[in-house]
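The values are calculated or read from the model by the stated rules, or taken from the named source; none is laboratory data. Predicted, not measured: the structure shown is a model, and the values here were computed from it. A quick note on method: Cβ atoms are made from the backbone with ideal geometry, for glycine too, and the neighbour counts reach across all protein chains shown. The protein model used for the area step is the full one, side chains on, heavy atoms only, and it has no ligands, DNA or RNA in it. Shrake-Rupley method; radii C 1.70, N 1.55, O 1.52, S 1.80 Å.
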Amino acid sequence: MSILQITFNEDEYWRPEQLQMTGRQFTDTAVIDIDTTEEIHHNSRTTVYRGQTQGTRTPLVLKFAHSFQALEDLRREASLYQTQLSRLQGTVIPICYGFFEAVHDTFPLGCLILEDCGDPPDIIFPFLPMVTRFVCRTVLCHSMTHNQRVRITILRHLQEIHRCGVVHQDLRERNVVLRDGKPRIIDFDRVSPHKGGCTMEIRKLPSVPHNREVDCNDIYCYCYDFQIWGGTSFNGLFFVSVFTGPVDLVDIGRSPYPQEGLPPQEVIDVLIPSKAIYLKDEATQRLLLDRLHEINEELERGVALEAIEFGIVFVLGRPFRPASHYPPQGVVDDLLRGFQLYDLTPQQVESVAHVLREANLACSVTTEKVREKINECLHYLNRYRVLRDKLVFSTSH
Ligand SMILES: [Zn+2]
């Protein structure tokens, strides 16, 4: 048994500022004194921090369970890392440094310590470069070793996990992390057993194969979702690009998108001057990309940019349309200056957008009144979230 001492960088209701936990270390690496550096995820069941060891400053991720059910799940996840999935540590999944437990105020807490393997992609899976989703065989022969091939692709990682007898059951963008283009799969708290050898070969095909021809329905569905099989022009674009060199990309916010069908970068920069835009889900991406495609068509027909109405307003980085329902973008930005967009939930952004729509209808309303209303709704929602988390937390014991 080892003793782990964690020092937190900020206060939270469910734990003290310093926490001493006991448990078993899974590797020889000394991870005994850890400082957290930032919270990267929080809900009523779990909280995840980035941190580092004192001294060697090894970057780590600390996943805490603070409800009975979450603790059970985390114990099971720790044991998966150590048993069935152990040979995948450091290549397909993060290295697992240990699982520790403590009791605080009569509540049991658990902490799983993992290698820090980066952040989730900020674009959806089919928009990731082909080399990250999967790599086609021909390209590998020329430019990559077998070793790299195993290491760099999400779909093959998923298949490796299947071959250890585990189905992930929750593969979403937020459960894949990337560092230097190398993906690792995380979050094994709702897995199920995998039957069969998972022998299906994952490769580019000109059309979608019949699912009777494959032995794993799960992998089949993900290959489909990742768009590695023929059909769409988007997919074809990347396929060609791995042979002919880099594809033309344009930046929207902080994410690159294939240029095809989109206006040139300088037009996008005029339409969307801020880099702080937030296109986390597919619906918001579609809303913006569809409008940009329309604008590109208008430009190609010879319409001047000045004559085109963008028709989208950004509220805390998220696109909303039609813009005529909202105050002008400059007024919106002015009203929302100082709010951290990543701190807000989609519901909070929606509430702020609602306040802005109402303010736009009642044209006599003052800036101060609108700001007050926005503050009110954000305050209410924050408070509600904390209260609800506490409630769930205490009733689950
Ligand atoms: Zn499988």
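Step through the residues of the range 39-46 one at a time and calculate ³J(HN,Hα) from phi using the Karplus curve (6.51 cos²θ - 1.76 cosθ + 1.60, θ = phi - 60°), rounding each to whole Hz and writing x for Gly and Pro.
8, 10, 7, 8, 8, 5, 9, 9
Residue 201 to residue 225: FRET efficiency via 1/(1 + (r/R0)^6), r the Cβ-Cβ distance, R0 22 Å, to the nearest 0.05?
That gives a FRET efficiency of 0.80.
Work out from phi, with θ = phi - 60° and the Karplus expression 6.51 cos²θ - 1.76 cosθ + 1.60, the ³J(HN,Hα) of each residue of the range 194-209, listed in order in whole Hz, and give x for Gly and Pro.
Once rounded to whole Hz, the list reads 9, 9, x, x, 6, 8, 3, 8, 8, 8, 5, 10, x, 9, 6, x.
Modelled label-to-label distance, residue 27 and residue 347, 7 Å Cα→beta-carbon offset: nm?
3.8 nm
Under the Karplus relation 6.51 cos²θ - 1.76 cosθ + 1.60, θ = phi - 60°, what is the ordered set of whole-Hz ³J(HN,Hα) values for the range 367-374, x standing for Gly and Pro?
4, 4, 4, 5, 4, 4, 5, 5
Using per-residue counts of other Cβ atoms within 10 Å, averaged over each peptide, order 322-330, 290-298 from highest down.
Descending mean neighbour count gives 290-298, 322-330.
So what does residue 335 come to for accessible area, using a 1.4 Å probe and Å² rounded to 10?
Rounded to the nearest 10, the figure is 10 Å².
How much accessible surface area, in Å² rounded to 10, belongs to the heavy atoms of residue 358 with a 1.4 Å probe?
90 Å²
Excluding residues fewer than 8 places away in the same chain, name every one of the aspartates and glutamates whose C-alpha is closer than 14 Å to that of residue 373.
Straight-distance partners of residue 373: 350, 358.
Between residue 56 and residue 87, how many nm apart are label points set 7 Å from Cα along the C-beta direction?
The two pseudo-label positions are separated by 2.6 nm.
Quick one: length gained pulling residue 294 to residue 119 fully straight, 0.36 nm per residue minus the C-alpha distance?
Length gained, residue 294 through residue 119: 59.8 nm.
If I ignore ligands, DNA and RNA and count only protein heavy atoms, how much of residue 67 is accessible to a 1.4 Å probe, in Å² to the nearest 10?
Rounded to the nearest 10, the figure is 10 Å².
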